[in-house]
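Peer 1: I have a structure here, written as structure tokens, and I will follow up with some questions on it.
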Amino acid sequence: MNRNDFIQYNNIVYSIYSKQQFDEMKNCVLKGIQALIPCTFASFLTCKTSDGYKSLCSPVCYPETYTPVERLYLQLEQNDLSKWMCDESESDVFRITDLLSEEERRNNIIYQKCYLPYNLKYSVYSNLVHKGIPLGVLSLYRANDMNDFGENDMFLLKSLSKHINSRFYQEQAKTDSMEEKSKHRAIAFSSEYGLTMRELEIFLALSSEENNQTLANRLFISESTLKKHLQSLYRKTNVNRKLELIHLKDSVTNQKCF
């Protein structure tokens, strides 16, 4: 590692621990990594677990113009032949060319929809894990006119990932604490308004991004049954529209409404 790389590496580590705002930290780290390990773009995806099912979400990219790549990837995530790395109990670094053959990559829908339109060819990933808990994925991508990631690139990424794992774990602990408080607020709200357990489940599942049919399918109930429960929720909470109910839910759980 030369002097400039050493300075850049230290700046990245400093950002990991000094930036209080999590998203600001992620942007600073990605910008620093792109300078240390030349790449077309770098990204973070956060891992969330619901009912034992792991999925990735909340893409942060640098440069930001590549965010549509990761948003499209999230829609195609189930087709990712390397998704198993999110289930690993320890953090590691994986180069896509080591995991899949050229033919396997080119025939995969993710390569066709995410790589080709943006002239991307190479990628390297670090699965972020701390104390056996999956936290997310750090990804670096290179275009066709660049070489594949080398051993030194992977060494630097693995070294930085140890620090990133720690920061992501700290943030996850904060989130878990907030979710626990949110759960207590929801229970108190349910008691105050006399909601049934089913009504509370529907109330907490409400989202501005889903229509009634999609929500009903997710809750394994019919759309007509959902409408009956919604009418009961309107009456008990004294609101007239589903959007008002969503805003009420967001205020109870202290979540932002997107």
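The values are calculated or read from the model by the stated rules, or taken from the named source; none is laboratory data. Predicted model only: the values in this text are computed from it and were never measured. Glycine also receives a Cβ, built like all others from the backbone with ideal geometry; neighbour counts cover every protein chain displayed.
Peer 1: Filter the stretch 17-44 for residues that are in contact (Cβ under 8 Å) with a residue 24 or more places away in the chain, part of a helix (DSSP H, G or I) and under 25 Å from Y122 (Cβ atoms) and give the result.
Peer 2: Correct list: K26, N27, V29, L30, K31, G32, I33, Q34, A35, L36.
Peer 1: Checking the condition in contact with a strand residue (DSSP E or B) (Cβ under 6 Å, 6 or more places away or on another chain) and either outside the structural domain of I133 (by TED's automatic domain parsing) or at pLDDT below 95 (or both), which residue from T40, T46 passes?
Peer 2: T46
Peer 1: Moving on to the next point. I'm trying to understand the selection: among the residues of the stretch 55-71, which are closer than 19 Å to I110 by Cα and either in contact with a strand residue (DSSP E or B) (Cβ under 7 Å, 6 or more places away or on another chain) or surrounded by 16 or more Cβ atoms within 10 Å (Cβ to Cβ) (or both)?
Peer 2: S55, L56, C57, S58, P59, V60, C61, Y66, T67, V69, E70, R71
Peer 1: Go through the stretch 225-247 and give me each residue that's in a helix (DSSP H, G or I) and over 17 Å from T196 (Cβ atoms).
Peer 2: K242, L243, E244, I246, H247
Peer 1: Here is a follow-up. For the stretch 184-195, indicate whether the set of residues that are touching a Cys at 6+ places or on another chain (Cβ under 7 Å) and among the hydrophobic types (A, V, I, L, M, F, W, C) is non-empty.
Peer 2: Within the stretch 184-195, none of the residues are touching a Cys at 6+ places or on another chain (Cβ under 7 Å) and among the hydrophobic types (A, V, I, L, M, F, W, C).
Peer 1: One residue is enough: does the stretch 103-114 have a residue meeting the conditions in contact (Cβ under 8 Å) with a residue 12 or more places away in the chain, in a loop (DSSP other than H, G, I, E, B) and crowded, with 16+ Cβ neighbours inside 10 Å?
Peer 2: Within the stretch 103-114, one or more residues are in contact (Cβ under 8 Å) with a residue 12 or more places away in the chain, in a loop (DSSP other than H, G, I, E, B) and crowded, with 16+ Cβ neighbours inside 10 Å.
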